[in-house]
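Reading through the structure tokens given below for one structure.
Just so it is clear, none of the values below were taken in a lab; they were calculated from the coordinates. Just so you know, these numbers come straight off a predicted model, no measurement behind them. Here the Cβ is made from the backbone with ideal geometry for all residues, glycine too, and neighbour counts use every protein chain on show.
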């Protein structure tokens, strides 16, 4: 069988496929070869034409955590499965990243950075973790492990999800009223929602108004979740004390963006996680094996909800 690979650094992925499935031939885009040979595709940020004209494609696997680019692609027929490839246990880099930035905000580092710029020495009263509410928008493959790590670290963790669910030690909410209840207890809000039509622009003035005064915001999901002007207004008014942004509507972030120069915003260049072969290739190999043996695929994207 033949797999089409599209990745910025393909060689480590080719090596991992060779280790786990030596009989699999891997072709790296744009060296597609005979299009009718391709049975599987493993792609990152898909470019127009990559998947067009592959008549024998059996599934498309996403190298990225977000799959909205594949769900919306006109090149993928509605009956062709799209599967995720991330580790079912979550992503250790993302969990570490969220923990680091929550602790950074919890220990008032943004405020101390502002004080340093003014040569101002003023210790800030510090809450213990057990009195600090951390809220998660989204509790999926990436959000759940991070929320559990913060729970185990002693924080009061809450989460809002599309469907009602239960998670030990985490206060779970759903629906419009549930969102209000989750926000009002979240002094630090972490966004890990999927990118769908329903979640676009969800971080707006109305949502931010539901947070406690002086709350903190961390975005590691998608830039299109945030109305930038509303975020800046909340920071200017003091409604938000600080924000850490890892993702943006346009990347790289344009030099003339006001986000760069806001003193209460920390800009990170989309570095929360990097897809590693050992975290993603095993899932692709497992689904190739399942497809060849007639078993149901795992980690299939629900096209109706967008993830």
message = Within the range 76-90, name every residue whose backbone N is under 14 Å away from a label modeled 7 Å from Cα of residue 36 along the Cβ vector.
response = none
query = Fewest to most neighbouring Cβ within 10 Å: what's the order for 94, 148?
reply = 148, 94
note = the range 50-90: Kirkwood hydrodynamic radius (Cα pairs, Å) comes out at 11.1
Against the rule of thumb 2.2 N^0.38 Å, how large the Cα Rg of the range 71-143 comes out = 1.78
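What FRET efficiency comes out for the pair residue 118/residue 270, r = Cβ-Cβ distance, R0 = 45 Å, nearest 0.05?
On the way: r = 30 Å, r/R0 = 0.67.
Given R0 = 45 Å and the Cβ-Cβ separation, E is 0.90.
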key: Calculated [θ] (222 nm, deg cm²/dmol) that DSSP helices of n ≥ 4 give over the chain, each run adding -39,500 (n - 2.57)   = -9000 deg cm²/dmol
message = Tell me the relative contact order for the chain as a rounded percent, counting alpha carbon contacts under 8 Å between residues six or more apart.
response = 17
key: Range of Cα positions in the range 92-267 per principal axis (Å), largest first   = 47, 36, 31
task = On each of the three principal axes of the Cα atoms of the range 9-62, give max minus min coordinate, whole Å, ordered largest first.
result = 29, 22, 19
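Where both residues lie in the chain, what percent of DSSP beta bridges are antiparallel, nearest 5? Numbers along the way, then the final one.
Values: 2 of 44 bridges.
The answer is about 5 percent antiparallel.
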key: Antiparallel content of DSSP bridges confined to the range 92-267, in %, to 5   = 5
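With N set to the number of residues, divide the alpha-carbon radius of gyration of the range 1-126 by 2.2 N^0.38 Å and report two decimals.
My calculation over the Cα atoms of the range 1-126 gives 1.58.
Treat the range 145-210 as a sphere of radius equal to its Kirkwood radius over Cα pairs and apply Stokes-Einstein at 25 °C in a medium of 0.890 mPa s; give the translational diffusion coefficient in µm²/s, rounded to a whole number.
194
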note = Taking the alpha-carbon centre of each part, the distance from the range 100-179 to the range 211-271 in Å is 16
inquiry  = For the chain, take the longest principal axis of its alpha carbons; what is the angle in degrees between that and the long axis of helix 10-20, to the nearest 10 within 0 to 90?
reply    = 70
key: the range 222-288: equivalent-ellipsoid semi-axes (sqrt of 5 x gyration tensor eigenvalues, Cα, Å)   = 33, 12, 11
query = To the nearest 10 degrees, how steeply does helix 92-106 sit against the main Cα axis of the chain, on a 0 to 90 scale?
reply = 10
note = Helix 175-184 sits off the longest principal axis of the Cα atoms of the chain, rounded to the nearest 10 on a 0 to 90 degree scale, by 50
query = With a Cα-only, solvent-free Debye model of the chain, what are the log10 I(q)/I(0) values at q = 0.11 Å⁻¹?
reply = -0.72
query = Simple spin-label model, 7 Å along Cα-to-Cβ: residue 164 to residue 255 in nm?
reply = 5.4
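Mind ordering 2-9, 62-69, 51-58 by average Cβ neighbours within 10 Å, highest first? Don't jump to the answer; show the numbers that get you there.
Numbers: 2-9: 17.6, 62-69: 20.5, 51-58: 15.4.
Going from most to least packed, we get 62-69, 2-9, 51-58.
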request  = Just round it to a whole percent: the fraction of Cα-Cα distances in the range 254-307 exceeding 19 Å.
outcome  = 60
